[in-house]
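Supplied in structure tokens, the structure appears directly below.
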Amino acid sequence: MGGEAKGLVRRGEESSLAGLEESGVPAGVEGQLMEVKPGLRVAAVDCRPQDDLRIEFETGEAPLEFSYYLAGRARYLIDHERGEHAFVSEAGLNTVAAFPRSRAVMEIPAGVNARMVAIHIEAHVIADHLAERPNAVVPELAHAAENGVFPYCFRPSTMPPSMAIVANQILSCPYHGAVRRLFYESKTLELMALQLSQLLASHRPTAHAPLNRQESGRIQAARNILLDDLQNPPSLFQLAGAVGMTHTKLNKGFRDVFGTTVFDYLRRQRLEQSRLMIDADEMNMAEIAYATGFSSPSHFAKAFLAYFGVQPSAYLKEAKGRRGVRPR
């Protein structure tokens, strides 16, 4: 990667987003890393690096990390005792992960606005939480409660609107000083509660064989085809044929890499693109709806509300308020 910024983190208690804070933050990268209470930290990163950014980090007994990817993309390559794991973070992805005793790389292309929030939780915090619910335990959490360390864990999923709203609030904190710290603490605990509630309700094991390098390449190629034309994408069968996979294998691969199906990934990208277009304020809502592939402005408004928890018109008003622009 030409002109890349590099950093190496060898602190076992830290993880991917914390790596940005620990490695000498390059130009174009802004972030906050705050200890909410002993054993519980939140990292918030708003990153548009001027050069290709490459962060290398190593973990010992790593914390559990709840991650929320709100914009942009980053590529991760993790080498651990169970093999090699690669995935690409995209807007709308939520992951629950722990990679103990691993060496990893995070890469963000130059000029890409990657916005992300992560909560780092040590095992004793989980043990305290589960003491009240001994019969409702996710296997990885039970292991941490009993042994004091987290096992390998990677659970990708589509971020629900409730989590996206709180994560965006953390990144857009308007306060300073003691009030800012109180705001971070309350929103971190709220986001943690949403995530743990979802985990404890699901009880779904996630152990499965990772994709091989060739399959991962085909999944990335399919993703690129989708992103090339959000307005007129190929059908699932056409996309699968273009990358040499069956449609069922392609959908499974998308779930493994992006935490969702091909169709939902496409919908998510259209909505994220529409949000950026609303922020730019260069088109009206109908133009944005059709430009991002929605069949009608009403369909677009309904999908936007379901995903972001706010109507497009209300989001535009908020965006103008953040920029200090008086709504027309």
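The values are calculated or read from the model by the stated rules, or taken from the named source; none is laboratory data. Fair warning: this is a prediction, and the values are worked out from it, not measured in the lab. Note: ideal-geometry Cβ built from the backbone for every residue, glycine included; neighbour counts use all protein chains shown.
Which numbered condition in (1) within 20 Å of the chain's Cα centre (by Cα); (2) at pLDDT 90 or above is the only one that PHE258 fails?
Here PHE258 clears every test but (2).
Turning to a different aspect of this structure: Under 9 Å between Cβ atoms, which residue pairs at least 6 apart in sequence (or on different chains) link something in the range 258-272 that is outside the structural domain of LEU236 (by TED's automatic domain parsing) with a partner that is buried (at least 21 other Cβ atoms within 10 Å of the Cβ)?
No pair meets every condition.
For the subset of the range 212-255 comprising residues that are outside any helix (DSSP H, G or I) and within 20 Å of GLY92 (Cβ to Cβ), which member is nearest to the chain's Cα centre (by Cα)? First the steps, then the outcome.
Of the residues in the range 212-255, the ones outside any helix (DSSP H, G or I) are 212, 229-235, 243-246.
Still in the running and within 20 Å of GLY92 (Cβ to Cβ): 229-231, 233.
On the way: ASP229: 23, LEU230: 20, GLN231: 24, PRO233: 24 Å.
The selected residue is LEU230.
Of the numbered conditions (1) at pLDDT 90 or above; (2) more than 19 Å from PRO312 (Cα to Cα), PHE294 satisfies every one except a single condition; which is it?
Failed condition: (2).
Scan the range 255-279 residue by residue and report those that are β-branched (Val, Ile, Thr) and closer than 16 Å to ILE225 by Cβ. Explain how you work it out, then say what you get.
Step one: of the range 255-279, the residues β-branched (Val, Ile, Thr) are 257, 260-262, 278.
VAL257, THR261, VAL262, listed by residue number.
Picking from LEU33, LEU70, which residue would you name as being part of a strand (DSSP E or B), in the same structural domain as VAL125 (by TED's automatic domain parsing), under 19 Å from GLU190 (Cα atoms) and at pLDDT below 85? First the steps, then the outcome.
Numbers: LEU70 fails: at pLDDT below 85.
Step by step, each of LEU33, LEU70 is checked, and only LEU33 is part of a strand (DSSP E or B), in the same structural domain as VAL125 (by TED's automatic domain parsing), under 19 Å from GLU190 (Cα atoms) and at pLDDT below 85.
Results for (1) surrounded by fewer than 22 Cβ atoms within 10 Å (Cβ to Cβ); (2) modelled with pLDDT of 90 or more; (3) assigned by TED's automatic domain parsing to the domain that holds LEU40, shown as yes or no for each residue.
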position: PHE66; (1), (2), (3): no, yes, yes
position: GLU84; (1), (2), (3): yes, no, yes
position: PHE99; (1), (2), (3): no, no, yes
position: GLY111; (1), (2), (3): yes, no, yes
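Within the range 198-211, does at least one residue satisfy the condition of being assigned to a loop (DSSP other than H, G, I, E, B) and in contact with a Ser or Thr (Cβ under 9 Å, 6 or more places away or on another chain)? Working first, answer last.
Just the residues of the range 198-211 that are assigned to a loop (DSSP other than H, G, I, E, B), to begin with: 203-211.
Those left that are additionally in contact with a Ser or Thr (Cβ under 9 Å, 6 or more places away or on another chain): 210.
For the range 198-211, residues assigned to a loop (DSSP other than H, G, I, E, B) and in contact with a Ser or Thr (Cβ under 9 Å, 6 or more places away or on another chain): present.
Residue by residue through the range 146-197, note down the ones that are acidic (Asp, Glu) and modelled with pLDDT of 85 or more. Spell out the reasoning first.
At the first step, the residues of the range 146-197 found to be acidic (Asp, Glu) are 146, 185, 190.
Once the filter is applied, which keeps residues that are acidic (Asp, Glu) and modelled with pLDDT of 85 or more, the range 146-197 yields GLU185, GLU190.
Would you pick out the residues in the range 259-287 that are outside any loop (DSSP other than H, G, I, E, B) and over 27 Å from PHE237 (Cα atoms)? Spell out how you get there, then give the answer.
Going residue by residue through the range 259-287, those that are outside any loop (DSSP other than H, G, I, E, B) are 262-280, 285-287.
Within the range 259-287, ARG275, LEU276, MET277, ILE278, ASP279, ALA280, MET285, ALA286, GLU287 meet the criteria.
Please specify each residue of the range 226-244 satisfying the condition of being farther than 14 Å from ARG267 by Cα and touching a residue at least 12 places away in the same chain (Cβ under 8 Å).
Result: LEU239, ALA240, ALA242, VAL243, GLY244.
Same structure, new question: Scanning the range 170-201 for residues that are under 15 Å from the mean Cα position of the chain (by Cα) and farther than 25 Å from ALA142 by Cα, which turns out surrounded by the fewest Cβ atoms within 10 Å (Cβ to Cβ)?
Among those that are under 15 Å from the mean Cα position of the chain (by Cα) and farther than 25 Å from ALA142 by Cα, it is LEU171.
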